[in-house]
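*Asks:* First the structure, which I've put down as structure tokens, then a few questions once you've had a look.
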């Protein structure tokens, strides 16, 4: 895995290969990714009483965030979990991990324009923010509530940890798609993505940690 750089297309092909050739279900890859993120969070905060927030999108990147929240709960860390969107819009494996959190009686706050001001007011209370909003498959400029939350995350004083890639960063070009999270650390999976090492993308990723999620490159 060391030294290998993947394009978005190659990353997606590997996901397909994991499912179709090796028979590894996406839910298992998500479990491994979420656990890896939670372990990195735990290493950063250590034994300190740090307030953690996890901002999740509606897709698989958000699913990694929901899964990470569960693993943190199992280690005694109780993060605030936010969903940018409506619970009813979450599908597939991400929905599975969201439902587990809800069955564990973990509150997941749905972010919208009506409560954005309240959420912004909470930002100074967080020592660490996990960005699990948008993954490598994003197309077009980041707009609306996602842009608002990304700006709020960047304006916070918190340590920022991005899941797979900073939200809003083009994984091929390294350019911000209008707005991008500026992370202190990025936990990416299998290998670095092309946009993380070119076009200014390296400045938005912070320290990059490559994690194995259960199958060889």
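*Asks:* Within segment 176-189, identify whether any single residue is more than 18 Å from residue 40 (Cα to Cα) and over 17 Å from the mean Cα position of the chain (by Cα), and answer yes or no.
*Replies:* Within segment 176-189, one or more residues are more than 18 Å from residue 40 (Cα to Cα) and over 17 Å from the mean Cα position of the chain (by Cα).
*Asks:* In segment 138-161, how many are surrounded by 15 or more Cβ atoms within 10 Å (Cβ to Cβ) and in a loop (DSSP other than H, G, I, E, B)?
*Replies:* Residues in segment 138-161 being surrounded by 15 or more Cβ atoms within 10 Å (Cβ to Cβ) and in a loop (DSSP other than H, G, I, E, B): 4 in total.
*Asks:* Tally time: how many residues in segment 107-131 are under 17 Å from the mean Cα position of the chain (by Cα) and without any contact (Cβ under 8 Å) to a residue 60 or more places away in the chain? Please lay out each step first, then the result.
*Replies:* Step one: filter segment 107-131 for residues under 17 Å from the mean Cα position of the chain (by Cα), giving 108-111, 126-131.
Going one step further and asking which of them are without any contact (Cβ under 8 Å) to a residue 60 or more places away in the chain, we end up with 108-111.
Count: 4.
*Asks:* Given the criterion at pLDDT 95 or above, within 15 Å of the chain's Cα centre (by Cα) and either more than 16 Å from residue 163 (Cα to Cα) or in a helix (DSSP H, G or I) (or both), identify the matching residue among 31, 99.
*Replies:* Details: 99 fails: within 15 Å of the chain's Cα centre (by Cα).
31 is the lone residue from the list that is at pLDDT 95 or above, within 15 Å of the chain's Cα centre (by Cα) and either more than 16 Å from residue 163 (Cα to Cα) or in a helix (DSSP H, G or I) (or both).
*Asks:* Further question on the same structure: Scan segment 191-217 for residues that are touching a helix residue (DSSP H, G or I) at 6+ places or on another chain (Cβ under 6 Å) and either buried (at least 24 other Cβ atoms within 10 Å of the Cβ) or closer than 21 Å to residue 148 by Cβ (or both) and report the count.
*Replies:* Final tally of qualifying residues: 4.
The values are calculated or read from the model by the stated rules, or taken from the named source; none is laboratory data. Nothing here was measured: the structure is a model prediction, and the numbers come from that model. Note that we place each Cβ from the backbone using ideal geometry, even for glycine, and neighbour counts take in every protein chain shown.
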